[in-house]
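**Student:** Let me give you the structure first, and then I'll get to my questions.
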Amino acid sequence: MPKNYDKQFKLDCIQYYHDHKDLGLIGCANNLGISHQSLSRWQKEFRESGDLESRGSGNFSSDEEKEIARLKRELRDTQDALDVLKKAIGILGK
């Protein structure tokens, strides 16, 4: 499962690389505990657009979207619990 890093972490990694160019991309990535491909991609994205896209959890454009996501999670969890109960009834009913 891929890791999701927040925007500030990515910006800090880019700054670390610029401050320690003598270590090289791979050395900086190893020190930061990330892959050099990730650091390279973040640096390129920041250089081209001046900003970084952050798709981690909690990045909602409004409180309404955040509430919808919470309700969807709650509905999914409730449906999972209902499925378990249905299976239990089926087993105990025999």
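**Student:** Could you work out the relative contact order of the chain? I mean the mean sequence separation of Cα pairs under 8 Å and 6+ apart, divided by the number of residues, in percent.
**Tutor:** Values: 42 pairs, mean separation 23.9, N = 94.
Relative contact order here is 25 percent.
**Student:** Can I ask one more? Between residue 82 and residue 94, what is the label-to-label distance in nm when each label sits 7 Å out along the Cα-to-Cβ direction?
**Tutor:** 2.4
**Student:** Determine which aspartates and glutamates satisfy two conditions relative to residue 66: a Cα distance under 20 Å, and not lying fewer than 8 residues away in the same chain.
**Tutor:** 6, 53, 74, 77
**Student:** Along the charge dipole of the chain, which of 23, 79, 5 sits closest to the positive end, that is, farthest toward it, with unit charges on the beta carbon of Lys, Arg, Asp and Glu (+1, +1, -1, -1)?
**Tutor:** So the residue furthest toward the plus end is 79.
**Student:** When 45, 64 are ordered from fewest to most other Cβ atoms inside 10 Å of their Cβ, what list results? Before the final figure, lay out the partial values.
**Tutor:** Values: 45 15, 64 9.
Ordered by Cβ neighbours within 10 Å, fewest first: 64, 45.
**Student:** Among the lysines, which have Cα under 24 Å from the Cα of residue 87 when same-chain residues fewer than 8 positions away are ignored?
**Tutor:** Within reach: 72.
Laboratory data are not the source of any read-out in this text; all were calculated from the coordinates shown. These numbers come from a predicted model, not from an experiment. Quick reminder, even Gly has a Cβ in these numbers, built from the backbone with ideal geometry, and neighbours come from all protein chains shown.
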